[in-house]
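S.K.: One structure is given below, represented as structure tokens, and several questions about it will come after.
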Amino acid sequence: MSAVRTVSIIIPTALSDADGPVAWAASELIEALRQRDVTAAIGEAPSSGLTVEVAGNGSGNDPYPQVAEAMALVRDGEHILAWGYDIRGIVYALTELADRVRNSLGDDLFEGTFPLVEQPTARIRSMARLFCAEEEDKVWFYDKQQWRDYLTMLASNRFNRFSLTLGMGYNYPYHNPWITDVYFYFPYPFLLKLDGYDIDVKELSAEERDDNLEMVRFIGREAAKRGLEFQLALWTQRYDFDDVPRANYTVRGVTDENLAPYCRDAITALLKHVPEITGLTFRVHVEGGIAEGEYGFWEEAFAGVAAAGRPVEIDMHGKGLDHKMIDIARKSGMPVAASPKYLAEHMGPPYHQSAIREKEYPPETARSEREQLSEGSRKFLRYSYGDLLSKDKDYKVIYRIWAGTQRVLLWGDPVFAAGYGKSSMFAGSDGVEWCEPQSFKGRMGTGMPGQRFNYQKHGLATRQDWRKYDYQYRVWGRLLYNPEAPRQSWMRWLDRECGDVAEACEQGLSFASRVLPLITLAHGPSASNNHYWPEIYTNLALVEGSGKRAYGFDMEGPTRFGNAPTFDSALFASPREYAELLLAGKPSHRYTPIDVANWLDEMARGCEEALAEARSAEDFGRAEPQRILTDVEILGGIARHFAEKFRAACWAELFIASKASVLIEPMLDHARRSVAAWQRLSAVSRGVYHDDLTYGPQSWLRGSWHARLPEMEAELLDLEALRGFGGTESVPATPAVEKAMSALRAQRPTMADPDTGAVIASFTGGEPLTISVPTEADEPPILHFRHVNQAERWQSMPLESGPDGYVGTIPSAYTRSDFHLQYFISLKRDGQSVLVPGLQADLANEPYFTALQR
């Protein structure tokens, strides 16, 4: 197609608000065309050139999806229709055209899929940016141009909500010696001076306080201009203002008597000063500074939301949330949302864990009165959706992915992103918010000038900190919106930035991005992002030794690698659990550490093959390929390290249980391979990244990959010394150990069978639910089922032979509940373990079926 030289954009009068999102999106397209030397303007159709006709839903009879935020692009020669069901849909259509123009490498600036018709899967697609470090975060907070660019990037990649997150830097507000950097920790006095309250920040000038409020107002205006919802997250409502001797700012004037009314009036004032705020997020458990059970405070706070005089969504963080609190929010008359964590304070594969850790079930008594819910009767809600997904809920459920797993290295897997797009709507949920890359950088007073970009190698730092993750935002946002998005929507950016290594970058980063989520799921020594950072892993010993300071508080029993629980106890076995089954001669229906190791090896091979292909390419040395492929090489090394560590842990657990000397050499062999892999990846990262990447003051929250190496090498020396265990006499292997060793060496992978014949889409509560499984098995399969309620435990029953396979019935007494059902089937086929549906090869699906209650 010949090159276009003039473009006219026709906008109906009803959509032509000069300050509205449609006008903004049209200006983005005009500017993109101007950069390509094309004359463009809003006006009548020209006699020559190309016309972009903007259209809204009109009569409602348009032949496109009749759902909010749907969009369509249709081309007929020199005419392009940019249609949207609503304003946001039109913004997506116009910014899609602008993106094509910016990234086009040929004569046809609009090259791409026509017609393109898309509609959202995840209703809420939110990105959270955290202010945690005055030293590093003020740079971006006050930079108006970075906000324009950043919010443009979000809107162009189909995000529909941005959350400015304040007060999330500390986990506990009482008697906490780590509280040092408190800028925005208790946010109100850093933004407002309220009449009637003698509350201020001693060291903060009135001019800086007013500048802060003006920046929030600016961010709100710019978000609204782009059609984004603007969420303000106010995570902390108090801390020990008079018991923080190391704090860099002093909050004065807060008392027990004036705290609640002050917060109420500050909330109202903020909402009136910033009318673009569409929602507020609150941490409603003890870590936000209000003891659990103090409902009176929240009645005041939510009244402050209502007093603003417009609908503002009250979003309550899930931990410690109970239905009384939800009812208090409901009675305010405001829209209500609950935002549980997706997978603890980390990131796993896209599906929601089918069971929580044993430690998360409620104890008989709470740890303290202040924590009567989060550490007591509602403990099951600490790290997952708990009992929030009742069939008749009248509030939104929006998951939050915390930045515990991956903070520094690039992420970008279209397959996983699409899986998240689907699973974020699980059982009536409403979407997902991701704490963006680098969240918690410089946390708890560890910010360093010039280190926001993490790089020390010249030429790799980007102009703005978030631009390193451009591809990550693109893949995440577009595939949350449409899991079936065309590949060209991310490849055109890679083609422009990476040249002839674009495909290698795509494939390598796709494999690399699955590494840390899988490790996190299968190895969970701590649910807290304050203690567990698998990306720059603090070593946990195979037998005994390193790791106790980092992980000891959150692990039950001995603090060693093989005893760390998984984050899905229904579907994954830890090395200790697997070794116990081997020694008992029992089969396991769960994925084993060997399955995990094999998956990690496949990911590592994918990374290594992409690197081998890229190194011979002409554009390998360009900055963007170097950023991507360096991280791919590090992540591939992490995959090799943990694959061998999981294998070593199985042998170590057999050794710990039996003391048989013959188990030492296999354990040592895998341990050596594990350390060697970390040595290789440390050599890659050294000189590229700073030696001290700070995400907190403790040793396990800062440092680098090569800083972790000495402890791993020291553990290897300790393991070598086990050769002399028990003196000069070796401990013989018992028959049970011999059988366990044979079974471990011969273990075949657990297979997945996506048997769609077992799918039940819906059921009627109070009626028996019959499930048929048209499959072959060595013996009757086991049906595992549970209400979609993490507070409950799984039930199981053997299926019976039927005319077309196997059949089982969940009794009416069980289906009579307030919840939907989920289930899976385990069986043996030709001696091999099979899960129905199980995880497919890309690990992006849900390994269970969900039946919705009618």
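S.K.: Multiply the residue separation of ASP108 and THR6 by 0.36 nm, subtract the distance between their alpha-carbon atoms, and state the gained length in nm to one decimal.
M.R.: 35.4 nm
S.K.: How many angstrom lie between the Cα centre of segment 23-100 and the Cα centre of segment 231-265?
M.R.: What the calculation gives is 48 Å, centre to centre.
S.K.: Can you tell me the alpha carbon radius of gyration of the chain divided by the globular rule-of-thumb value 2.2 N^0.38 Å?
M.R.: 0.97
S.K.: Okay, moving on. What percent does the relative contact order of segment 463-596 come to when contacts are Cα pairs within less than 8 Å and at least six residues apart?
M.R.: It rounds to 16 percent for segment 463-596.
S.K.: Quick one, what does Rg over Rh come out to for segment 45-174 if you take C-alpha atoms and the Kirkwood Rh?
M.R.: Radius of gyration over Kirkwood radius for segment 45-174 works out to 1.11.
S.K.: Additional query: Below 24 Å, Cα to Cα, which lysines can LYS202 reach? Residues fewer than 8 away in the same chain don't count.
M.R.: Excluding near neighbours in sequence, the set is LYS138, LYS193.
S.K.: How high is the relative contact order of segment 1-118, given as a whole-number percent (alpha carbon pairs under 8 Å, six or more residues apart)?
M.R.: Averaging sequence separation for qualifying contacts and normalising by length gives 30 percent for segment 1-118.
S.K.: Moving to a separate point now. Subtract the Cα-Cα distance of LYS359 and LYS331 from 0.36 nm times their separation in residues, and report this length gain in nm to one decimal.
M.R.: 6.7 nm
S.K.: Can I get the semi-axes of segment 253-399's equivalent ellipsoid? Compute them from the C-alpha gyration tensor as square roots of 5 times the eigenvalues, in angstrom, largest first.
M.R.: For segment 253-399, the ellipsoid semi-axes come out as 27, 19, 13 Å.
S.K.: Right, another one. List the lysines whose alpha-carbon lies under 27 Å from that of LYS645, not counting same-chain residues fewer than 8 positions away?
M.R.: List returned: LYS359, LYS548, LYS586, LYS659, LYS739.
S.K.: What size of dipole, in debye to the nearest 20, comes out for the chain about its Cα centre when the only charges are +1 on Lys and Arg C-beta atoms and -1 on Asp and Glu C-beta atoms?
M.R.: Rounded to the nearest 20 debye, it is 580 debye.
S.K.: Could you order the peptides 688-696, 165-173 from most to least packed, using the average number of other C-beta atoms within 10 Å per residue?
M.R.: In decreasing order of mean packing, 688-696, 165-173 become 165-173, 688-696.
S.K.: As a test of the formula, what do you get for the chain when each DSSP H run with n ≥ 4 contributes -39,500 (n - 2.57) and the sum is divided by the residue count, at 222 nm and rounded to the nearest 500 deg cm²/dmol?
M.R.: -11000 deg cm²/dmol, from helical runs alone.
S.K.: Moving to a separate point now. For segment 97-253, taking Cα atoms only, what is the radius of gyration to one decimal and the Dmax to the nearest whole Å?
M.R.: Cα radius of gyration and Dmax of segment 97-253 are 20.0, 66 Å respectively.
S.K.: Largest first, how would LYS659, LYS645 line up by accessible area (1.4 Å probe)?
M.R.: Ranked list, largest accessible area first: LYS659, LYS645.
S.K.: For a 23 Å ceiling on Cα separation, which of these pairs sit above it: LYS225/LYS331; LYS272/LYS331; LYS272/LYS393?
M.R.: In this structure, LYS225/LYS331; LYS272/LYS393 exceed 23 Å between Cα atoms.
S.K.: Compute the separation of the alpha-carbon centres of segment 119-167 and segment 644-658 and state it in Å as a whole number.
M.R.: 44 Å
S.K.: How big is the accessible area of ILE326 in square angstrom, nearest 10, if you roll a 1.4 angstrom probe over the protein chains?
M.R.: 0 Å²
S.K.: Compute, for PHE453, the solvent-accessible surface of its heavy atoms (probe 1.4 Å) with the complete set of protein chains present, and express it in square angstrom to the nearest 10.
M.R.: Probe radius 1.4 Å; accessible area of PHE453 about 70 Å².
S.K.: Express in nm, to one decimal, how much length is gained between ARG549 and GLN488 on full extension, taking 0.36 nm for each residue of separation and deducting their alpha carbon distance.
M.R.: Result: 17.3 nm gained on full extension.
S.K.: Quick one: compute the contact order of the chain, relative version, from alpha carbon pairs under 8 angstrom and 6+ residues apart, as a percent.
M.R.: Result for the chain is 10 percent.
S.K.: Now for a separate question. Please name which of THR520, ASN845, GLY320 has its Cα lying farthest along the dipole of the chain towards the positive end, using unit charges on Cβ (Lys, Arg +1; Asp, Glu -1) and the Cα centre as origin.
M.R.: Positive-most Cα among the choices belongs to THR520.
S.K.: Using a 1.4 angstrom probe on the protein heavy atoms only, could you order SER772, SER817 from most to least accessible area?
M.R.: SER772, SER817
S.K.: To continue, here is another question. Could you check the simple spin-label distance between THR756 and ARG246, using points 7 Å along Cα→Cβ, in nm with one decimal?
M.R.: Going from the THR756 label point to the ARG246 one covers 5.8 nm.
S.K.: Continuing with this model, one more query. P(r) tail for segment 480-593, what percent of Cα pairs lie past 17 Å?
M.R.: Across segment 480-593, Cα pairs with separations above 17 Å total 66 percent.
S.K.: Another one. From largest accessible area down, sort THR734, THR538; use a 1.4 Å probe on the protein chains.
M.R.: Largest accessible area first, the residues go THR734, THR538.
S.K.: Place a +1 charge on the Cβ of each Lys and Arg in segment 287-347 and a -1 charge on the Cβ of each Asp and Glu, then give the dipole magnitude about the Cα centre in debye, rounded to the nearest 20.
M.R.: Charge dipole of segment 287-347: 240 debye, to the nearest 20.
S.K.: Determine one quarter of the surface area of the Cα convex hull of segment 612-680, which equals its mean projected area, and express it in nm² to one decimal.
M.R.: The Cα convex hull of segment 612-680, projected and averaged over all directions, gives 5.3 nm².
S.K.: With Kirkwood's inverse mean 1/r over C-alpha pairs for Rh, give me the Rg to Rh ratio of segment 634-751, two decimals please.
M.R.: 1.07
S.K.: How many angstrom separate the Cα center of segment 790-838 from the Cα center of segment 764-788?
M.R.: So the separation of the two Cα centres works out to 3 Å.
S.K.: Follow-up question, since we're still on this one. Find out how many positive minus negative residues lie around PRO837, taking Lys and Arg as positive, Asp and Glu as negative, among other residues whose Cβ is under 9 Å from that of PRO837.
M.R.: -3
S.K.: Would you list which lysines come within 17 Å of LYS457, measuring only between C-alpha atoms, while excluding same-chain residues fewer than 8 positions from it?
M.R.: LYS468
The values are calculated or read from the model by the stated rules, or taken from the named source; none is laboratory data. Just so you know, these numbers come straight off a predicted model, no measurement behind them. With ideal geometry, Cβ positions are generated from the backbone for all residues, glycine too; neighbour counts draw on all protein chains shown. For the accessible areas, the whole protein counts, side chains as well, though only heavy atoms, and no ligand, DNA or RNA atoms are used. Shrake-Rupley method; radii C 1.70, N 1.55, O 1.52, S 1.80 Å.
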